[in-house]
Amino acid sequence: MAYTIAEKPEEARAFAAETAKDEDPAKRTAFDEKVAAEGKIEPRDWMPEKYRKTLVRQISQHAHSEYVGMLPEGNWVTRAPSLRRKAILLSKIQDEAGHSLYLYSAAETLGVSRDAMLEALHDGRAKYSSIFNYPTLTWADVAAIGWLVDGAAIVNQVSLQRCSYGPYSRAMVRICKEESFHQRQGYEAMMALAQGTPEQKKMAQEALNRWWWPSLMMFGPSDKDSPNSEQSMAWRIKRDSNDDLRQRFVDMTIPQADYLGLTVPDPELKLNAETGHYDFGEIDWDEFWQVVNGNGICNRERLQNRRDAWDKGAWVREAAMAHADKKAARKLAAAAE
Ligand code: BYC
């Protein structure tokens with residue numbers, strides 16, 4: 001959160017220097033040894049300041065993604081095609097709210113307040129996943145989000161279960177279980193459309209066309225352009241590189257698209273017999289950075305929505321504080337009697 005993309009190259013150089021002069025060498029050695037031995041770093045353990053900042057940045061952005069991520073699907077709650085679909089969608093969206101709460105709590109263990117994190121989101125300093133700046137035009141988009149977006153999220157988050165920071169890694173375990181249900185329900189909804197009428201199949205194909213490339217972008221810039229990866233992987237915050245996870249997602253998803261009888265919108269997609277992996281076309285990185293930097297189709301709407309929710313919820317926060325104050329005053333009075 002302390003960084004901006006523009007500052008990044010400088011940050012990356014400053015990073016190594018700052019880390020090297022980090023406080024007590026004995027503490028630093030104990031920290032390094034624990035990380036190397038696959039131990040978990042806990043909130044009260046000593047940690048390099050840059051490690052803490054990196055975690056605050058990543059975990060808070062992850063929390064914001066879950067929080068903003070409720071909006072594209074929330075748009076369809078009143079229009080879900082059946083009671084069953086509506087019940088599933090509602091419960092999925094509630095899960096996303098839960099994920100953001102676990103993640104904000106995990107970030108708070110690093111000494112940052114929830115108010116500060118939300119303020120950074122609302123004033124545009126903090127990032128959230130690029131994927132949530134695309135619109136959900138038809139019901140098939142909701143199915144595609146479950147299948148592809150939650151599918152991509154699982155690939156990324158299964159890897160993060162082995163993160164060296166205990167509270168983040170434990171939050172990931174539960175989140176992955178829920179994401180797994182989310183991906184299944186999305187695939188099942190997509191299957192119903194793909195095996196439905198010609199119009200429904202067309203809707204499914206068009207949604208795949210819209211969501212395929214943005215889903216690949218979720219994994220972040222290519223490794224050579226990822227300023228944070230090297231240090232984050234050395235500290236075992238990230239366990240796999242952006243490109244490796246993206247490849248894993250493509251390899252996993254293409255057979256699923258084939259089974260649905262849908263075509264992934266990439267003429268260069270091809271199974272490479274030598275590597276056993278699918279080769280795929282170049283991502284439109286200009287689009288990616290435009291979206292990350294606030295210029296996607298829905299960026300402004302999403303942020304405005306979150307700011308409005310914060311403002312409309314002011315009376316709830318005030319009432320909760322007044323109630324807590326009253327309770328504390330009563331307790332004090334009872335103790336004085
Ligand atoms: N979108 O050096 P890099 C969900 C930024 S929600 C926006 O590779 P890093 C769901 C990056 O932050 C799941 N920004 O960074 C919810 C960095 O900027 P700063 C969301 C992106 O951190 C509701 C810069 O680009 N998952 O599942 O090493 C409904 C350079 O990148 C993106 C997570 O948040 C992006 N796509 O690696 C349905 C996973 N990519 O901060 C589903 C946790 C990169 O230096 N996060 N940037 O200014 C991660 O695993 C890592 O942070 C990333 C990026 C792989 C995303």
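The values are calculated or read from the model by the stated rules, or taken from the named source; none is laboratory data. From a predicted model like this one, the values you see are computed outputs, not experimental measurements. Cβ coordinates were reconstructed from backbone atoms using ideal geometry, including for glycine residues, and neighbour counts include every protein chain displayed. Side chains included, ligands, DNA and RNA excluded: accessible areas come from the protein's heavy atoms. Shrake-Rupley method; radii C 1.70, N 1.55, O 1.52, S 1.80 Å.
In terms of the mean number of neighbouring beta-carbon atoms within 10 Å, the peptides 132-138, 317-323 order highest first as 132-138, 317-323. Given charges of +1 on the Cβ of Lys and Arg and -1 on the Cβ of Asp and Glu, with all other atoms neutral, how large is the dipole of the chain about its Cα centre, in debye to the nearest 20? About 1340 debye. Per residue, the accessible area of the stretch 141-231 comes to 38 Å², computed with a 1.4 Å probe over protein heavy atoms only. Within the same chain, aspartates and glutamates fewer than 8 places from K34 are excluded, and of the rest, those with a Cα less than 18 Å from its Cα are D22, E23, D24, E42, D45, E49. Among 168-178, 325-335, sorting by the average number of other beta carbon atoms lying within 10 angstrom of each residue, highest first, gives 168-178, 325-335. Sequence neighbours fewer than 8 away in the same chain don't count; with that in mind, list the aspartates and glutamates whose C-alpha is under 17 Å from K327. Here the aspartates and glutamates satisfying the reach criterion relative to K327 are E318, E337. Roughly speaking, to the nearest percent, how much of the chain's 1.4 Å accessible area is carbon and sulfur? Within the chain, the accessible surface is 56 percent carbon and sulfur. Residue pairs exceeding 25 angstrom between C-alpha atoms, taken from K86/K238; K53/K127; K127/K312; K50/K224; K40/K224; K27/K177: K86/K238; K40/K224; K27/K177.
Helices in the chain, meaning DSSP H runs of at least 4 residues, each add -39500 (n - 2.57). Divided by all residues, the mean residue ellipticity at 222 nm is -21000 deg cm²/dmol. Rolling a 1.4 Å probe over the protein heavy atoms gives the stretch 296-336 an accessible area of 80 Å² per residue. Residues in the stretch 248-260 carry Karplus couplings, in order, of 4, 5, 4, 4, 6, 8, 4, x, 5, 5, 4, 4, 6 Hz; the curve used is 6.51 cos²θ - 1.76 cosθ + 1.60 with θ = phi - 60°, and Gly or Pro positions show x.
When the residues H277, H122, H64 are ordered by accessible surface, computed with a 1.4 Å probe over the protein chains alone, the sequence from largest down reads H277, H122, H64. When the label point is put 7 Å from the Cα of S82 along its Cα-to-beta-carbon vector, which residues of the stretch 201-219 have a backbone N closer than 20 Å? Within reach of a label on S82, which here means backbone N under 20 Å from a point 7 Å along Cα→Cβ, the stretch 201-219 contributes 201-205.
Please report the base-10 log of the normalised intensity I(q)/I(0) for the stretch 25-285, using a Debye sum with one equal scatterer per alpha carbon and no solvent, at each q in 0.07, 0.12, 0.15 (1/Å). At q = 0.07, 0.12, 0.15 Å⁻¹ the computed log10 ratios are -0.26, -0.75, -1.11.
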